Amino acid sequence: MQKELAVKNLDKIVTKVEAARLRVSQHHIVKIIAISKYSTAEDISALYEVGQRAFGENKVQDLKTKEEKLDELPIEWHFVGRLQKNKINNLIDLNPTLMHSLDSLELAEELNKKLEAKNKKMSCLLQINSAYEESKAGVDPKNAIEIYKEILNSCKNIRLKGVMSIGAHTDDKEVVKKSFLTTKNIFDEVVPLGAKYCSMGMSSDFELAIACGSNMVRIGSSLFK
Ligand SMILES: *Cc1c(COP(=O)(O)O)cnc(C)c1O
């Protein structure tokens, strides 16, 4: 990616995020995570050069390859994909800033066990399947608060920092909005328990997600096109 294109893509997203967050409140700060899963280390580097600092991957192996290639840049790495059990140790070794996709109590317990064995901690978000789509990972909204509390109580090596959702996969804005609000309501209930991040919104729906209370957006295709 040329520098001009990196500037253009990033400016466009930053401007839109800024407008969307100001519509919520002057004090509503939104963090942009650039999801680089379909992009090269060179493209990541181009976006870094124009100011983007946080990047996310959805495969442990890709995270490892890109982290190693971009070792000299102080990038903040996020993990947003489905975590297979046999990749847990690899992810721990990569030391991500935030893992967005803790999608079951079982995975949390497994991750916690392996963190304990390595004497490490990991900051995570509980993924909620607010769209009730079978293709999507995440806990059922009905059980989310109970599971959130259970992880806080029983997984001492996990620093639970909030919730994450992928918006409903439809052009019907009302349906997408409803899925975001479901997650936001759960987020509000866990804020007293220390939750900081409500990670929702991708290229196609981040403005709506921010309007619904998201404070962390995960943008891939519109930044790297
Ligand atoms: C790919 C991905 C994104 C970014 O999606 P775009 O539509 O390309 O912006 C966000 N979150 C997750 C979990 C992803 O896998």
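Here are some notes:
- Criterion: assigned to a helix (DSSP H, G or I) and either modelled with pLDDT of 95 or more or of a type outside the set (D, E, K, R) (or both) - qualifying residue of LYS177, LYS161, LYS120: LYS177
- Some residue of the stretch 141-149 being within 23 Å of GLU110 (Cβ to Cβ) and surrounded by 22 or more Cβ atoms within 10 Å (Cβ to Cβ): yes
- A residue that is within 15 Å of the chain's Cα centre (by Cα), within 25 Å of ASN89 (Cα to Cα) and outside any strand (DSSP E or B) can be found somewhere in the stretch 138-149.
- Residue satisfying condition, being among the hydroxyl-bearing types (Ser, Thr, Tyr) and either part of a helix (DSSP H, G or I) or modelled with pLDDT under 95 (or both), within set SER135, SER101: SER135
- The residues of the stretch 26-72 that are within 16 Å of the ligand (Cβ to nearest atom), loosely packed, with under 13 Cβ neighbours inside 10 Å and modelled with pLDDT of 95 or more amount to a single one, GLN61.
- Members of the stretch 60-81 that are part of a helix (DSSP H, G or I) and farther than 14 Å from ALA46 by Cα: VAL60, GLN61, ASP62, LEU63, LYS64, THR65, GLU67, GLU68
- Counted residues, the stretch 94-126 - those being more than 26 Å from LEU70 (Cα to Cα), touching a Leu at 6+ places or on another chain (Cβ under 6 Å) and within 16 Å of the ligand (Cβ to nearest atom): 1
- The stretch 88-103 residues that are within 12 Å of GLU76 (Cα to Cα), paired with ones that are in a helix (DSSP H, G or I) and within 12 Å of the ligand (Cβ to nearest atom) (beta carbon under 6 Å, 6 or more apart): none
- Residue pairs meeting the criteria (Cβ under 7 Å; at least 6 apart or on separate chains; first at negative phi and in contact (Cβ under 8 Å) with a residue 12 or more places away in the chain, in the stretch 206-218; second within 12 Å of the ligand (Cβ to nearest atom) and part of a helix (DSSP H, G or I)): VAL217/PHE206; VAL217/ALA209
- Total residues in the stretch 188-225 satisfying the condition of being within 11 Å of the ligand (Cβ to nearest atom), of a type outside the set (S, T, N, Q) and surrounded by fewer than 16 Cβ atoms within 10 Å (Cβ to Cβ): the figure is 1.
The values are calculated or read from the model by the stated rules, or taken from the named source; none is laboratory data. Quantities reported herein were computed from a predicted structural model and do not represent experimental measurements. Counting neighbours? That spans all protein chains shown, and the Cβs are built from the backbone with ideal geometry, glycine included.
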